[in-house]
Structure formats: structure tokens, C-alpha cells
Amino acid sequence: MLYLILAIILSIIITFYRLIKGPSVPDRLAAMNSIGVMFLMILVLLSYYFERKIYINVALVYGVSIFMNVLIMVKYLQKPEKGGSSD
Amino acid sequence: MKKKLLTFILTLALWLVFAGHINFSVFLLGTLVTIICSIISRMFAAEVFRLLLMNYEVKVSFVKIYYIFLVVGAFIYDAFLSAVRVSKHVFEINPSFSPKTVQIKTSLQNLPSIMILSNLIALTPGTLIMDFNILNKNYFIHWIDVRSEDEAALKKALIGKHEKWIAKIFE
Amino acid sequence: MTGGKVVIYVILNMLMIFLLFTAFFAVFTKNLLNSIITLAIFSAILIVIFVILQAPDAALAEAVIGAGLTLTFFVITINKTKDWQNE
Amino acid sequence: MINSISILREIIAYVFLITGTYFLISNAIGMIRFPDFYLRLHASSKCLIAGSISVLMGCIVLEGISYISLKLIIIIIFLLITNPVAIHAIAHFAYNYSIKPQKIVKNDIKQ
């Protein structure tokens, strides 16, 4: 099970290249979303490696936090002349 | 009163799941917390539980549960099928695409059913939603490899049977 | 030292180096949005390191406060200063 | 008898886990290789959802029936609802941010 975690960490490092080089802001947002879900999978697999199943609560709380981050960034970072935040 | 009772029961069940074991003190603390949570959430989310609480007959609700299972099965099946196709595109040596933007008109009326249909379109192979026009009820869809130009075949390939299932749940 | 412990030390050291790399990138980049998006990944790596060191309470506090609240406040502050649009 | 059933369960669980890891790696490679932003978003939506669901289903098969598997099912339902919404929000943000697709051809449908 540890080798699967190692493979997922390698894929995170590959995705981080897109976050450094990405030519625009939405590229970086998509990279942030996928890196967050990959870390959530690592949290679930680590709780099975240590055999303490109460670590899944951390994954549950973090899963809510990713979604909130993406929605708040999309709502507040729009350009104002192209139909930005209406309220 | 009925809405508050339903919210209270749902949040108490979620509390007992998160606690992991059932005890008297856990149950007492759970009732106190969930009463406060249900009163607060009723102030904001009046629209969410409106769909669940329409007065249906018993037989109709069982049919709805059957279609809900169909839609969840379609979600998971479409996710795996489209992931296999996209990962086949990833490992090609020279990946070739012909992307295009199309419009498709729906016949659904409720806003939640439109949301669930857009989630389904985001998971079917090769499509992605860019925008939604609420006056004409048109989806703007970005598609990887376009095969046909006809509107009927294009609509049948995308939302052929899912639209009927969702229409039987919400309308 | 058995075979399982070597792999988990490799994972821990790899995450430490990655943490240092994201911290330097968040400080030295020029655009403010890149700095905020990198800060989300910084807190995600910190959560996984806390779980590997077997401190789930610190990981829960980090998941709520570090990845949720401070990022929200940073985004709202940058939206109100209106300086990020000129870059 | 019991031993063979447990071995079969572990084989099924590891097939699910390895499939999920393959989808996550293909997501990471697709994020680099594709030329356009919307094509990258295709790879980032489908492979991500399929990989995460496959890993969680492998953990459910490994666990059995308990409270823990109920928590994992809650995570699966949460991901199935919220991840396409996040992808749709990012695509709408990019469309307002004036990033156009490569070959945009409007299909004029007579309604």
C-alpha cells in the first residue's frame, strides 16, 4: 500500500509543474483542485496503513475545505468588466 | 413543523454516524447540537427541502427511488467509461483532436433538475459545459471529437435517456 | 529497520523537500494570485505531514483554519484592494 | 474456506486500488501534455473522478460492513456531487476570463 502512496506523490509532483508554468490563472486553479483530491486519497490510504481508522475524519473535513476554496476563488477573483460579482 | 422534524432527524443520524458508537451522553449531546443546527439551517435553506417534502403517494415515491438508483448507476458507469477513453488519449504518441463548441436545448423546467443534468453531461465522454443560458435553456458545450453535424443525432448521443429519467424524478 | 519503515521515511523526507519548495515559490513569485494558490497546497502538505507524525488533532485544526479560513480572508482582502488587476 | 474468501477479497480490493492509481497518474500526465486549456480540463475532470471513486471503493471492499465504510460512502456521494460543480465553475470562470477555445465554431440551430 505504501508504493501506491509513492506513485500518487510522484503524480502530484508532475502536476505541480503545471502550477508553476501555467500561462493563466484558471490553469493554476484546475491544478490546485486536482492536487487537493490527490492529497485526500493519500489521507484515506494512510489511515489504512497505520490501522487507525479514526484518521478518516481528517479526510472528511479536508474534502469540504477543497470545494470551499475553489468556489470562493471563483467568486471573488473575476474581472469586474465582464459580468463579475453581481451582488 | 414537518420540515424542522425532518432536518432534525437527518442531522441526528449524521451525528451518530460521525460519533462511531452509541451511548447515552453521546445521544444527549447530539440532540442539543442538532436542535440548534436545525433551527439555524431552517433560516437559510428553505428552498432545499421543498423538493423532498411534496405530498406524494406511497407508490410514486417507490418509483422515484428506483429512478434515483438508475441515475446514480449512470453516474458511476459514465465516469469509468469516459476515464478509459480520455486516458487512451493521454498515452498516445501524437494525440489528435478536433474540438468544437455546440449548443443544445433542453426541455427540463426546474433548476435542480438542470443542475443534475449538467453534472451528468460533465461526466459523459468528451463533453464539458461552459455556460448556460437561462432564457432559451441552452447549454454551451465544449466537445473533443465531433462526429456529426445533425442536431437530433447530437442530442441523442448526449442526453438521450438521462433526460427522461431525471424528468421522472423531479417533475 | 524493516522494509515498511524505509518507504515511509522516504515519503516523509520527500514531502519535507516539497514543502520547502512550495514555500520558496509562494514567497518569490511576482503575482499575488499564484502566491495564494500555492499557499493552499502548502497547508495540504502540512496536513499529510501531521498525519504521518501521528498528530490527528493538529491535522484537524490545520484543515479547518489553515486551508479554510485564512485563505478565505486573503482572497477577500485582495479582492477589496483592487491592485491585482493591473498585472 | 474462510482463508480463501479473505484472499479473494484482498485481490479484488487491490485491483480497485491499482486501477485508481493508474487513473490518477493519467490525470497528471494529461495535465502536462494537452495543448489547450479546455482539453486539460477534460483530463482533470473525468480521470480525477474515476480515480478517486475507484480508490475509495477498494477501501470499502477491504473494510467490510461497519461505521467506517459508511463514512467512506458519504465521501463518495460528496465527491460525486461537488466535483463536477467545481469543474463547471472553473470553466465558467475561464470563459469570463477571455480564454477562448482553439477552434470556436458556433453551431446555429434553428429552433
Open item on the list: For the stretch D:16-35, give me each residue that is surrounded by 15 or more Cβ atoms within 10 Å (Cβ to Cβ), in contact with a Phe, Trp or Tyr (Cβ under 8 Å, 6 or more places away or on another chain) and either aliphatic (A, V, I, L, M) or not in a helix (DSSP H, G or I) (or both).
Closed with: D:Ile29
TODO: Report, by residue number, each residue of the stretch B:90-109 that is open to solvent by less than 40 Å² (accessible area, probe 1.4 Å) and not in a strand (DSSP E or B).
DONE: B:Val90, B:Pro99, B:Thr106, B:Leu108
Task: For B:Gln103: the one exception among (1) more than 7 Å from chain D (Cβ to nearest Cβ); (2) in contact with an Asp or Glu (Cβ under 9 Å, 6 or more places away or on another chain); (3) not β-branched (Val, Ile, Thr) - done: (1)
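For (1) surrounded by fewer than 23 Cβ atoms within 10 Å (Cβ to Cβ); (2) at pLDDT 85 or above; (3) among the small types (Gly, Ala, Ser), each residue gets a yes or a no:
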site: D:Met1; (1), (2), (3): yes, no, no
site: D:Ser4; (1), (2), (3): yes, no, yes
site: D:Ile7; (1), (2), (3): yes, yes, no
site: D:Tyr14; (1), (2), (3): yes, yes, no
site: D:Gly51; (1), (2), (3): no, yes, yes
site: D:Ile65; (1), (2), (3): yes, no, no
Task: Where a residue in the stretch D:1-25 is over 19 Å from A:Ser34 (Cβ atoms) and its partner, wherever it lies, is open to solvent by less than 50 Å² (accessible area, probe 1.4 Å), with Cβ under 7 Å and at least six apart - done: D:Arg9/D:Val61; D:Ile12/D:Val61; D:Ala13/D:Gly58; D:Ala13/D:Val61; D:Ala13/D:Leu62; D:Phe16/D:Ser54; D:Phe16/D:Gly58; D:Phe16/D:Val61
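Listed here are the residues, each with its yes/no results for (1) facing chain A (nearest Cβ under 10 Å); (2) at pLDDT below 90; (3) not in a helix (DSSP H, G or I).
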| position | (1), (2), (3) |
| --- | --- |
| C:Val27 | no, no, no |
| C:Lys30 | no, yes, yes |
| C:Ile36 | yes, yes, no |
| C:Ala40 | yes, yes, no |
| C:Ile49 | no, no, no |
| C:Ala59 | yes, yes, no |
| C:Ala63 | yes, yes, no |
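To keep it simple, each residue is scored yes or no on (1) more than 9 Å from chain D (Cβ to nearest Cβ); (2) buried (at least 21 other Cβ atoms within 10 Å of the Cβ); (3) aliphatic (A, V, I, L, M).
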residue	(1), (2), (3)
A:Leu4	no, no, yes
A:Ile20	yes, no, yes
A:Val25	no, no, yes
A:Gly63	no, yes, no
A:Phe67	no, no, no
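Can you find, within the stretch A:46-58, the residue that is surrounded by the fewest Cβ atoms within 10 Å (Cβ to Cβ) among those that are in contact with a Leu (Cβ under 9 Å, 6 or more places away or on another chain) and within 7 Å of chain D (Cβ to nearest Cβ)?
If we filter the stretch A:46-58 for residues that are in contact with a Leu (Cβ under 9 Å, 6 or more places away or on another chain), which is where we start, we get A:48-49, A:55-58.
If we keep only those that are within 7 Å of chain D (Cβ to nearest Cβ) as well, we get A:48, A:56.
Working: A:Tyr48: 19, A:Ile56: 22.
In this case the residue turns out to be A:Tyr48.
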Open item on the list: What are the pairs with Cβ atoms under 7 angstrom where one residue, in the stretch B:123-140, is open to solvent by 10 Å² or more (accessible area, probe 1.4 Å) and the other, located anywhere, is basic (Lys, Arg) and assigned to a strand (DSSP E or B)? Sequence gap at least six, or different chains.
Closed with: B:Asn136/B:Lys105; B:Lys137/B:Lys105; B:Asn138/B:Lys105
Task: Scope the stretch C:65-78; condition at the interface with chain A (Cβ under 9 Å from one of its Cβ atoms), more than 15 Å from A:Leu43 (Cβ to Cβ) and touching a residue at least 12 places away in the same chain (Cβ under 8 Å); matching residues - done: C:Leu71, C:Val75, C:Ile78
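The values are calculated or read from the model by the stated rules, or taken from the named source; none is laboratory data. Keep in mind that this is a model prediction, so the values were computed, not measured. Glycine also receives a Cβ, built like all others from the backbone with ideal geometry; neighbour counts cover every protein chain displayed. All accessible areas refer to the heavy atoms of the entire protein, side chains included, with ligands and DNA or RNA removed. Shrake-Rupley method; radii C 1.70, N 1.55, O 1.52, S 1.80 Å.
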